[in-house]
1. Which condition from (1) within 23 Å of K23 (Cα to Cα); (2) buried (at least 23 other Cβ atoms within 10 Å of the Cβ) is the one that Q80 breaks?
2. Does the stretch 39-59 hold any residues that are without any contact (Cβ under 8 Å) to a residue 60 or more places away in the chain and within 18 Å of N109 (Cβ to Cβ), and which are they?
3. Being farther than 19 Å from G167 by Cβ and either among the polar types (S, T, N, Q) or buried (at least 17 other Cβ atoms within 10 Å of the Cβ) (or both) is the filter; apply it to the stretch 22-56 and report the residue that is nearest to the chain's Cα centre (by Cα).
4. Quickly run through the stretch 187-210 and pick out the residues that are modelled with pLDDT of 90 or more, closer than 18 Å to I105 by Cα and out of contact with any strand residue (DSSP E or B) (no Cβ under 8 Å at 6 or more places or on another chain).
5. Do the conditions hold for G218, that is, is it free of Cβ contacts under 8 Å to residues at least 24 places away in the same chain, among the small types (G, A, S) and more than 23 Å from I102 (Cα to Cα)?
6. Spot the failing condition for K183; the list is (1) modelled with pLDDT under 90; (2) surrounded by fewer than 18 Cβ atoms within 10 Å (Cβ to Cβ), and only one is missed.
7. Give the residue, chosen from I20, I86, I4, that is modelled with pLDDT under 95 and closer than 16 Å to C175 by Cβ.
8. All but one of (1) surrounded by 15 or more Cβ atoms within 10 Å (Cβ to Cβ); (2) over 24 Å from R31 (Cα atoms); (3) not β-branched (V, I, T) hold for G99; which doesn't?
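The values are calculated or read from the model by the stated rules, or taken from the named source; none is laboratory data. Small disclaimer: the values here were computed from a predicted structure and weren't measured. Reconstructed Cβ throughout: ideal geometry from the backbone, glycine too, with neighbour counts over all protein chains shown.
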Amino acid sequence: MKGILICGGTGTRLRPLTNILNKSLLPVYHRPLIEYPLGVLLDAGIKDIAVVTGTEHLDQMTGFLGSGSQFDCEFTFKVQEKAGGIAQALGLAEEFAEGENICAILGDNIFFDDISEPIKNFKEGGHVFLKEVEDPERFGVVQVEGDKAKSIEEKPVEPKSNYAQTGCYLFDNKCFDVIKELKPSPRGELEITDVARWYLDNEELAFTLLEEEWIDAGTFESLFKAAGLVRDRR
């Protein structure tokens, strides 16, 4: 399995900080934000990792991460020329994946659960990680029934459940063919939710329910909360 660390986007909700620094390099207590999702990949034994980032702060990202030797892994850098959605960013890593399964994770997500075992045990199809939240309308929402995913919607006005799709995705190599057939959403992006929906429609989508905290650190409040949680767990 190969890892794909997606650090695109412009970080508009974190301006003016992101005017001068990539969102994924902002501090969360004592470490840059990017080290938390990177740690998920490393804990699962994934050493070959593509980093997808935008053009604005590419030099900062490559300068901090380097070749990967300091993390005992190897980085390949892919540039997302303009914001086109998470699925579009993932599609840039097709050649890098070389036919293998992939674990794609967003560079602003912090997982407090240990999700290394589901990643290590993944064989085929798709697998998402769900967290019960109070504001599901902000996320991709998955309706579940027992151990089956029944539906998935992106930012629904009337959510069918409180389970948000978090920013870690396991897909087999079919995902790249799926992405090629996607049409942009109303906001002009290729949605990762639509990739997951393809696996759901083909009865190939599994999920893990998270029990601990999960932070989508894209706002000042979530960054502040994440720093406190990290400090308390040291």
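1. Among (1) within 23 Å of K23 (Cα to Cα); (2) buried (at least 23 other Cβ atoms within 10 Å of the Cβ), Q80 violates only (2).
2. G39, L42, I49, A50, V51, V52, T53, G54
3. Step by step, filter the stretch 22-56, then rank; the result is D48.
4. Within the stretch 187-210, L190 is the sole residue that qualifies.
5. The answer is no for G218.
6. Unmet condition: (1).
7. From the options I20, I86, I4, the qualifying one is I86.
8. Of (1) surrounded by 15 or more Cβ atoms within 10 Å (Cβ to Cβ); (2) over 24 Å from R31 (Cα atoms); (3) not β-branched (V, I, T), only one is false for G99: (1).
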